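A.B. asks: Following this message is one structure expressed as structure tokens.
The values are calculated or read from the model by the stated rules, or taken from the named source; none is laboratory data. The model shown is predicted, which means the values in this text are computed figures rather than measured ones. Note that we place each Cβ from the backbone using ideal geometry, even for glycine, and neighbour counts take in every protein chain shown. What goes into the accessible areas is simple: the full protein's heavy atoms, side chains included, and nothing from ligands, DNA or RNA. Shrake-Rupley method; radii C 1.70, N 1.55, O 1.52, S 1.80 Å.
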Amino acid sequence: MAETLIANVTTETAVLEQIKETIKENSVELLHLQFVDIEGILKHITVTSEQLEDVVEGKMMFDGSSITGFSPINKSDLYLQPDLATFAVLPWTVEEGYSEARFLCSVKNPDGTLFEGDTRNVLKKTMERAADKGFTISVGPELEFFLFKTDENGYATRELGDKAGYFEPSPHDLGERVRLEIYRALKAIGFTIEASHHEVAEGQHELSFKYADALTAADRSTTYKWVVKTVAKKFGLHATFMPKPVFGINGSGMHVNMSFFEGSENAFFDPSDELQLSEKAYQFIAGVLENVKSFAAVTNPLVNSYKRLVPGYEAPCYLAWSASNRSALIRIPAKKGLATRVELRCPDPSANPYLTFAVIASAGLDGIEKGLEAPAPINEDIFHMTEERKAELGIDNLPGSLKEAISELESSEFAYKALGDHVYNEYVSMKKAEWDSYRTAVHSWEIENYQSKF
């Protein structure tokens with residue numbers, strides 16, 4: 001144990017020295033200390049690079065009562081602990097003799113303990129639970145987004161950035177140049193980008209990045225959304241990760257590919273099985289299917305999320321799994337061996353990635369710990385099934401609205417344990433208030449359909 005601690009200290013010292021050298025070489029003047037609120041919205045505090053030593057020692061304090069889902073005003077002092085591995089010079093700030101950099105941070109209490117309201121810490125605890133069972137969690141998320149044109153004041157309009165379709169090239173794909181600049185920015189801060197393309201809907205795009213451990217994948221998802229929005233703005237465009245911004249066309253998903261590793265071996269792979277899936281993989285699938293309704297309010301957190309989860313637009317809303325069927329909630333991609341993974345297709349990119357990966361992994365761990373048995377795969381097109389056929393096969397639905405999802409979350413012991421007391425209670429309270437605000441508001445559809453008629 002002592003040798004491990006010494007090795008970690010030595011590694012941190014080496015990383016810090018490298019960071020100092022990078023700051024000097026790139027003339028970094030400002031450091032952005034980033035963290036997320038309970039919704040996964042990125043926040044930051046900016047300090048000068050001269051304060052690096054205090055930053056690294058976790059001495060930077062902020063008012064937690066000003067952050068959604070954090071602290072009451074009488075317990076508002078919180079501290080930021082940067083993750084040195086997330087240090088990056090921001091390529092769009094680089095000028096002659098000047099640049100800026102960032103750290104992603106975890107949030108601590110004044111006594112140095114991890115703040116339980118920090119969703120990054122929730123994911124860390126989930127990873128520790130998996131580690132106690134001998135697993136490391138590998139995640140590969142896929143986040144889609146839309147590009148809209150902006151007005152003379154820089155605000156988003158309703159006009160899409162292009163009229164292209166799936167995989168279309170230029171000149172129809174007017175977002176190609178934007179994606180290229182996003183790719184360059186992400187690569188400059190350490191991402192490995194595996195693909196970039198136009199998505200199914202007009203104005204819809206995706207860049208996929210390489211899988212990583214759960215915390216790194218969540219950090220990258222958060223960074224990805226920030227970089228996409230920042231670069232799009234430079235082109236006079238607004239990037240949105242809203243799940244269903246346009247009626248009548250596909251919405252945006254955040255498919256989550258997850259696998260558990262035991263050492264260097266993929267615990268989900270079994271070459272002797274018909275689908276090359278291990279018993280643990282089937283148990284993981286069973287755990288997710290058993291708990292998904294109770295965590296839908298986390299993976300699909302907005303009123304708007306449930307306008308994406310309807311049949312006909314490639315968004316899965318039926319509780320089933322398949323080795324290939326994209327109308328099922330869970331799909332098993334074709335690649336096997338080390339690449340064997342379970343793909344959950346319902347999450348959308350408005351979700352907090354730290355909480356999303358935490359609840360999915362927790363559900364899978366429940367399935368493994370309880371030895372749950374996965375139902376038979378559904379290889380038929382569920383979108384075109386009759387209600388009678390779905391009933392015959394026992395296919396249930398995801399919640400049909402945020403209200404239904406909140407009700408499932410509020411009554412779930414699983415969700416309470418997965419999220420922890422603070423986040424669970426704050427999240428339920430926040431989402432109930434959000435639904436009530438939506439319920440009592442007068443919407444444009446009501447005006448258009450009722451004002452003249454009645």
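A.B. asks: Holding the Cα-Cα limit at 26 Å, pick out from LYS244/LYS280; LYS225/LYS336; LYS125/LYS370; LYS187/LYS234; LYS307/LYS390 the pairs that are longer than that.
C.D. replies: Details: LYS244/LYS280 34 Å; LYS225/LYS336 29 Å; LYS125/LYS370 20 Å; LYS187/LYS234 18 Å; LYS307/LYS390 21 Å.
Over 26 Å apart, Cα to Cα: LYS244/LYS280; LYS225/LYS336.
A.B. asks: I would also like to ask the following. Does region 297-384 classify as rounded, prolate or oblate by the C-alpha gyration tensor (a ≥ b ≥ c root eigenvalues; a/c under 1.5 gives rounded; else a/b over b/c gives prolate, otherwise oblate)?
C.D. replies: On the way: a/c = 1.68, a/b = 1.10, b/c = 1.53.
Since a/c reaches 1.5 but b/c is at least a/b, the shape of region 297-384 is classed as oblate.
A.B. asks: Here's a follow-up. Out of residues 5 or more away from ASN397 or on other chains, whose amide H comes under 5 Å of its own, with H placed 1.01 Å from N in the peptide plane?
C.D. replies: Under 5 Å from the amide H of ASN397: LEU319.
A.B. asks: If you don't mind, there's one more thing I want to ask. May I ask for the percentage of alpha-carbon pairs in region 303-452 that lie more than 24 Å from each other? Working shown, then result.
C.D. replies: Values: 4912 of 11175 pairs.
Tail fraction, whole percent: 44.
A.B. asks: List, in order, the whole-Hz ³J(HN,Hα) value for each residue of region 110-116 obtained from phi through the Karplus relation with A = 6.51, B = -1.76, C = 1.60 and θ = phi - 60°; use x for Gly and Pro.
C.D. replies: Computed from phi, the couplings for region 110-116 are x, 7, x, 6, 5, 6, 6 Hz.
A.B. asks: In region 73-165, what GluC sites (Glu not before Pro) fall in a loop by DSSP, with at most 13 other Cβ atoms inside 10 Å? Let's see the in-between values first.
C.D. replies: Details: sites: GLU95, GLU96, GLU100, GLU116, GLU128, GLU142, GLU144, GLU152, GLU159; in loops: GLU96, GLU116, GLU152.
Passing sites in region 73-165 are GLU96, GLU152.
A.B. asks: Could you list which residues have their amide H under 5 Å from that of MET254, counting only those 5 or more apart in sequence or on another chain, with H placed in the peptide plane?
C.D. replies: ASP348
A.B. asks: Using modelled backbone amide H atoms (1.01 Å from N, in-plane), which distant-in-sequence or interchain residues come within less than 5 Å of GLU199's amide H?
C.D. replies: Those qualifying (amide H under 5 Å, at least 5 residues apart or on another chain) are PHE167, GLN204, HIS205, GLU206.
A.B. asks: Could I ask something else about it? I'm a student and want to see the number: the projected area of the Cα convex hull of the chain, averaged over all directions, in nm².
C.D. replies: If I average the Cα hull's projected area over directions, I get 25.6 nm².
A.B. asks: Go through region 148-162 residue by residue and turn each phi into a ³J(HN,Hα) via Karplus (6.51, -1.76, 1.60, θ = phi - 60°); whole Hz please, and just put x for glycine and proline.
C.D. replies: So the J values, rounded to whole Hz, are 10, 6, 10, 8, 5, 9, x, 8, 5, 9, 9, 8, 5, x, 6.
A.B. asks: A further question follows. Taking all protein chains in place and a 1.4 Å probe, what share, in percent, of the accessible surface of region 242-359 do carbon and sulfur account for?
C.D. replies: It is 52 percent, rounded to a whole number.
A.B. asks: Per DSSP helix of 4 or more residues, -39500 (n - 2.57); summed, then divided by the residues of the chain. What does that give at 222 nm, rounded to the nearest 500?
C.D. replies: Values: 13 runs with 170 residues, N = 454.
The helix contribution divided over the chain gives -12000 deg cm²/dmol.
A.B. asks: Please list the helices of the chain that count as membrane-span-like by this rule: a mean Kyte-Doolittle hydropathy of at least 0.0 together with Cα atoms stretching 24 Å or more along the helix axis, each helix being a complete DSSP H run.
C.D. replies: Once both thresholds are applied, what remains is 279-299, 353-370.
A.B. asks: If I stretch the segment between ASP63 and GLU373 completely, what's the gain in nm (0.36 nm per residue apart, minus their alpha carbon distance), one decimal? Present the calculation step by step, with values, prior to reporting the outcome.
C.D. replies: On the way: separation 310, 0.36 × 310 = 111.60 nm, distance 4.67 nm.
Gain on extension, ASP63 to GLU373, equals 106.9 nm.
A.B. asks: Roughly speaking, what is the centre-to-centre gap between region 13-55 and region 218-295 when only Cα atoms are used, to the nearest Å?
C.D. replies: Here the two parts' Cα centres lie 28 Å apart.
A.B. asks: Using a 1.4 angstrom probe, figure out how much accessible area region 177-324 has per residue, in square angstrom, rounded to the nearest whole. Please report the intermediate quantities before stating the final value.
C.D. replies: Numbers: 5320 Å² over 148 residues.
That works out to 36 Å² per residue.
A.B. asks: List the residues of region 311-354 whose backbone N lies under 20 Å from a point placed 7 Å from the Cα of ASP396 along the Cα-to-Cβ direction.
C.D. replies: The answer is 311, 316-322, 327-331, 343-348, whose backbone nitrogens lie closer than 20 Å to the label point.
A.B. asks: Once the Cβ-Cβ distance between THR230 and SER170 is put in as r, and R0 is 22 Å, what FRET efficiency do you end up with, to the nearest 0.05?
C.D. replies: Numbers: r = 23 Å, r/R0 = 1.03.
Rounded to the nearest 0.05, the efficiency is 0.45.
A.B. asks: Just the number please: accessible area per residue for region 1-147, 1.4 Å probe, all protein chains included, in Å².
C.D. replies: On the way: 7230 Å² over 147 residues.
Value returned for region 1-147: 49 Å² of accessible area per residue.
A.B. asks: Kindly state, to the nearest 0.05, the FRET efficiency for GLU128 paired with GLU410, given R0 = 30 Å and r defined as their beta-carbon distance.
C.D. replies: Working: r = 26 Å, r/R0 = 0.87.
In this case the efficiency is close to 0.70.
A.B. asks: With θ set to phi - 60° and the Karplus curve 6.51 cos²θ - 1.76 cosθ + 1.60, what are the ³J(HN,Hα) couplings of region 31-46 in order, to the nearest whole Hz, using x for Gly and Pro?
C.D. replies: Each residue's phi maps through the Karplus curve to give 10, 9, 9, 9, 7, 10, 7, 5, 7, x, 7, 6, 10, 7, 10, 10 Hz.
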